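Below is one structure, written out as structure tokens; the observations come after it.
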Amino acid sequence: PPSFLDKLTSKLTTDQMLRLGLAGAGGVYGAVQAGKAARQAQGVKAEQQALAAPYQAQGREMVRAAQAGELTPTGQQAMQAFQARLAQGVESRGGVGAAQASAQAEAFRQQMLQQQYDYGLKVSGIGDQIALGAIKTGMQADQQLQKASSNFYTQLASIAAGIPFGQTQTPRT
């Protein structure tokens, strides 16, 4: 007994078989190309996210350290230089100078920590903007790929239906 496929193909003309074959081959080609494009888009997105990660990590670490009262090495050097200048002034002013120097040193330290915190937020923000750009790039690539695939498969359907390229079928009256 003839199979379902044999029954189906026996009713089709050579022209119809050719169109279906072309459409099927085109569909496979389109799927392969869409897969390649999707992998490329993911690669670009991953590269941008990898670029963002160090900024985000460094910014978070600076903020964390500032919140914990830890100065960066550069901030520690500035603090030590400030304390050395204050110590020279204390020698000439005595006990009152020591109390003033201690208050000034703490005010300077707090100012350094605030600057470190603010800078950490800015650095982290740079990373966040890069990461946001990666997300937007991925979304745009997905939209473009979807549109291209839709157009491609519409054309394949036209081939399978026997409609010439660039024409749409008009209803018969």
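From the list V123, V96, the one residue that fits, being out of contact with any strand residue (DSSP E or B) (no Cβ under 9 Å at 6 or more places or on another chain) and at pLDDT 90 or above, is V123.
Only one of the numbered conditions (1) assigned to a helix (DSSP H, G or I); (2) out of contact with any helix residue (DSSP H, G or I) (no Cβ under 6 Å at 6 or more places or on another chain); (3) open to solvent by 50 Å² or more (accessible area, probe 1.4 Å) is violated by I126, and that is (2). Residues that are open to solvent by less than 20 Å² (accessible area, probe 1.4 Å) and among the aliphatic types (A, V, I, L, M) were ranked within the range 103-123; the one that is farthest from the chain's Cα centre (by Cα) is A105.
Within the range 58-82, track down each residue that is open to solvent by 50 Å² or more (accessible area, probe 1.4 Å) and either in contact with a His (Cβ under 6 Å, 6 or more places away or on another chain) or in a helix (DSSP H, G or I) (or both).
First, pick out the residues of the range 58-82 that are open to solvent by 50 Å² or more (accessible area, probe 1.4 Å): 58, 60-61, 64, 67-68, 70, 73-74, 76-77, 80.
Passing the criteria: Q58, R60, E61, R64, Q67, P73, T74, Q76, Q77, Q80.
Per the listing E106, E47, the residue uniquely within 30 Å of F152 (Cα to Cα), of a type in the set (D, E) and either out of contact with any Asp or Glu (no Cβ under 9 Å at 6 or more places or on another chain) or without any contact (Cβ under 8 Å) to a residue 40 or more places away in the chain (or both) is E47.
In this structure, is Q33 in a helix (DSSP H, G or I), at pLDDT 90 or above, under 48 Å from the mean Cα position of the chain (by Cα) and surrounded by 13 or more Cβ atoms within 10 Å (Cβ to Cβ)? Here the answer is no, as Q33 does not meet what is asked.
The values are calculated or read from the model by the stated rules, or taken from the named source; none is laboratory data. Computed from a predicted model, the values in this text were never measured in an experiment. All Cβ positions, even for glycine, are placed from backbone atoms using ideal geometry, and neighbour counts span all protein chains on display. Calculation scope for accessible area: heavy atoms of the full protein, side chains included, ligands and nucleic acids excluded. Shrake-Rupley method; radii C 1.70, N 1.55, O 1.52, S 1.80 Å.
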